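Asks: Take this structure first; my questions come after.
The values are calculated or read from the model by the stated rules, or taken from the named source; none is laboratory data. Not measured: the values here are computed from a predicted model. Using ideal geometry, Cβ is built from the backbone for each residue, glycine included, and neighbour counts are taken over all protein chains shown.
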Amino acid sequence: MEKIRKRKQVLDPEHQHQHQHQRPNSKSVRSAPKSPATTTIDKDPYPSHTRPTPPECQSIRDTLLSLHGIPPELAKYRKLKTPNDTVPPPETVLDGLVRTVLSQNTTETNSQRAFHSLKSSFPSWEHVLSAESKDLENAIRCGGLAPTKASCIKNVLRLLLERRGKMCLEYLRDLTVDEIKAELSLFKGIGPKTVACVLMFNLQQDDFPVDTHIFEIAKTIGWVPAVADRSKTYLHLNQRIPNELKFDLNCLLYTHGKLCRKCTSKRGNQQKKGDDSNSCPLLDYYKEAD
């Protein structure tokens, strides 16, 4: 019992994420107004730190796009940013939120398995809410932290039913970014990175989630001060990176961080095992940060 209590931590703590890039809805998505660069909730903690600059963001985006392209699993969300695009959304906002919860503290493969297992085990969110906790835990166990994540999912569904009368998050599409953040903060276990992922992928808002890979690269190339933590890195990058570049740059830095053996927190000096090349396109930015 004591072990279970210890594991019932709030998901999405600053130091524990695996970045999840995933997934949203119809015409209201495509017609949603752009969010302002600065919201009343999020202020830049490092206003005198002038990096990254817009030209730097554009240059890195173009370089990494040529190198990696946008992965297919992320490209389907990118298409939704085209105003006249008629491609149907990959999933509902609630599906996206649950998928993001399941992605915390695990690999992309395991989180996808957990989500598919959940959807195949329960025909509706009503069935998830009414199910025994142990049954939900068993369905998502392959994604890790099953008791914590099951509790979080049930809390979200229960509160939605109490407050809205149905288990649906589509109403978020009509809210401002500040209002969305305030709404999602009401759900126990939903942290800032999960909110940022839902904003960027499911609601097509200009936000910039910071996962382990992006945080490491941002510190390595000097986009944030050396003392920055993940929370302040998120706030700073959201103010410095131009809105029109956020989606691509986020996906590309995430992809590059997974694939590049030189992108370490030691400013490129500590090579990962097996690294014998100098081909990282960010090496020049490492030098700028030194």
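Asks: Within region 256-279, is even one residue within 14 Å of the chain's Cα centre (by Cα), on the phi > 0 side of the Ramachandran plot and either modelled with pLDDT under 95 or not in a loop (DSSP other than H, G, I, E, B) (or both)? Show your work before the answer.
Replies: Filtering region 256-279 down to residues within 14 Å of the chain's Cα centre (by Cα) leaves none.
No, the conditions are met nowhere in region 256-279.
Asks: If you don't mind, there's one more thing I want to ask. Quick one: in region 37-64, of everything that is touching an Asp or Glu at 6+ places or on another chain (Cβ under 6 Å) and not hydroxyl-bearing (S, T, Y), which residue is modelled with the highest pLDDT? Walk me through it before giving the result.
Replies: Within region 37-64, the subset touching an Asp or Glu at 6+ places or on another chain (Cβ under 6 Å) is 39-41, 61.
Now restrict to residues that are not hydroxyl-bearing (S, T, Y): 41, 61.
On the way: I41: 49, R61: 97.
Top of the filtered list is R61.
Asks: Given the conditions (1) under 17 Å from D95 (Cα atoms); (2) of a type outside the set (G, A, S); (3) buried (at least 17 other Cβ atoms within 10 Å of the Cβ), which single one is not true for C168?
Replies: That leaves (3) as the condition not met.
Asks: Additional query: Taking helices (runs of 4 or more DSSP H) that fall entirely within region 45-136, which contain at least 3 residues that are surrounded by fewer than 18 Cβ atoms within 10 Å (Cβ to Cβ) and among the polar types (S, T, N, Q)?
Replies: Details: elements: 54-68, 72-78, 93-103, 108-121, 125-130.
Per the criteria, 54-68, 108-121.
Asks: Now, a different point. Is region 121-133 home to any residue that is closer than 29 Å to Y254 by Cα and in contact with an Asp or Glu (Cβ under 9 Å, 6 or more places away or on another chain)? Lay out the reasoning, then the answer.
Replies: Kept after step one, since they are closer than 29 Å to Y254 by Cα, are these residues of region 121-133: none.
No: zero hits.
Asks: Just checking, which of V198, V156, V210, V227 is in a loop (DSSP other than H, G, I, E, B), of a type in the set (V, I, T) and crowded, with 23+ Cβ neighbours inside 10 Å? Show your work before the answer.
Replies: On the way: V198 fails: in a loop (DSSP other than H, G, I, E, B); V156 fails: in a loop (DSSP other than H, G, I, E, B); V227 fails: crowded, with 23+ Cβ neighbours inside 10 Å.
Selected residue: V210, the only one of V198, V156, V210, V227 that is in a loop (DSSP other than H, G, I, E, B), of a type in the set (V, I, T) and crowded, with 23+ Cβ neighbours inside 10 Å.
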